[in-house]
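Any read-out appearing in this document is the output of simple, stated calculations on the displayed coordinates, not a laboratory observation. All values derive from a computational prediction rather than experimental measurement. Note: ideal-geometry Cβ built from the backbone for every residue, glycine included; neighbour counts use all protein chains shown.
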Amino acid sequence: MQRIRVWDLPTRLFHWALVLIVFLAWFTGDVLESSMEQHQWLGIAIVGLIGFRLTWGLVGSRYALFSQFVAKPAQVKAYLKGDWKGVGHNPLGGWSVVVMLLLLTAMVLTGLFANNDADFTAPLAFMVTSDVSSFLTRVHYLVFKLLFVVIGLHILAVFAYKWILGKDLIQPMIDGHKLAESETDESATGGGWLALILALSVAALAMWGASAAWYTPPAKPAVQTTPDW
């Protein structure tokens, strides 16, 4: 069988950048608790990555599109029976991507309004009350734990495919190619420069919004240092 291109370069760069940044976010948030500023900027970077992936899922190459891998219930049922064949994410893998993106979105959105009950408040915390910020902080930690469970299941699934089914899912995410399983399998097409520029623009806009760079705090009233008399 010939080798076909499955994952385009932007999808692969997104995947590995997300792996690295989520790890660093955990490390700076849970291990180095004094590195909250770095943790904040890593969270904003994740916002950008999510914005990119959501856009790329609409305008990217064939197997990166949501319409290609978000399976219908009948497709999931066929896959569980062993009757499904295709390229890219299988039906369960596709839904795991959706769940992971939802958890990542919930994690960064709550994190943008969080605080550490000490000397740190997130960029958008000024938009909510302190009670709401504290509540979202607790949700942020909970979602982070759920995300790590999903990541663990994802890693187990990757190795299970390798050891049990003999299918390597890691190498295609490195070089973008895999062996075709049938003569009808085709390389990915689409996702040109205009699509890439659009996705990067959305990512940049999302990061700008998350960083609160658009907000100018109200000026503090001047403190009178001399007596009225």
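Within the chain, how many Lys pairs sit with Cα atoms under 24 Å apart, leaving out pairs fewer than 8 places apart on the same chain?
14
Determine the gain in length on full extension of the stretch Leu92-Asp119; use 0.36 nm per residue of separation and subtract their C-alpha separation, reporting nm with one decimal.
Working: separation 27, 0.36 × 27 = 9.72 nm, distance 4.25 nm.
Using 0.36 nm per residue and subtracting the Cα-Cα distance, I get 5.5 nm.
How much length would be gained if the chain were fully extended between Phe66 and Trp214, taking 0.36 nm per residue of separation minus their Cα-Cα distance, in nm to one decimal?
Contour length minus Cα-Cα distance gives 50.2 nm.
Convex hull volume of the Cα atoms in segment 65-174, per residue, in Å³?
Cα-based convex hull of segment 65-174, divided per residue, equals 146 Å³.
State the answer as a single residue: which of Thr11, Thr184, Asn90 lies farthest towards the positive end of the charge dipole of the chain, with beta carbon charges of +1 for Lys and Arg and -1 for Asp and Glu, about the Cα centre.
It is Thr184, whose Cα lies furthest towards the positive end.
What relative contact order, as a whole-number percentage, does the chain give when Cα pairs under 8 Å and 6 or more residues apart are counted?
The value is 33 percent.
Whole percent per 10 Å bin, from 0 to the bin with the longest distance: what is P(r) over all C-alpha pairs of the chain?
7, 27, 30, 19, 10, 4, 2, 1, 0, 0
Over the Cα atoms of segment 94-229, Rg to Rh with Kirkwood Rh, two decimal places?
Using Cα coordinates only, the ratio equals 1.19.
For segment 120-186, just the Cα set please: Rg and Dmax, both in angstrom.
Rg then Dmax for segment 120-186, in Å: 20.6, 60.
If I model a spin label as a point 7 Å beyond the Cα along the Cα-Cβ vector, how far apart are those points for Arg3 and Leu80 in nm?
Here the modelled spin labels are 3.6 nm apart.
About the Cα centre of the chain, how large is the charge dipole given +1 on each Lys and Arg Cβ and -1 on each Asp and Glu Cβ? Please answer in debye to the nearest 20.
Details: 15 positive and 15 negative charges, 166 e Å.
Computed charge dipole of the chain: roughly 800 debye.
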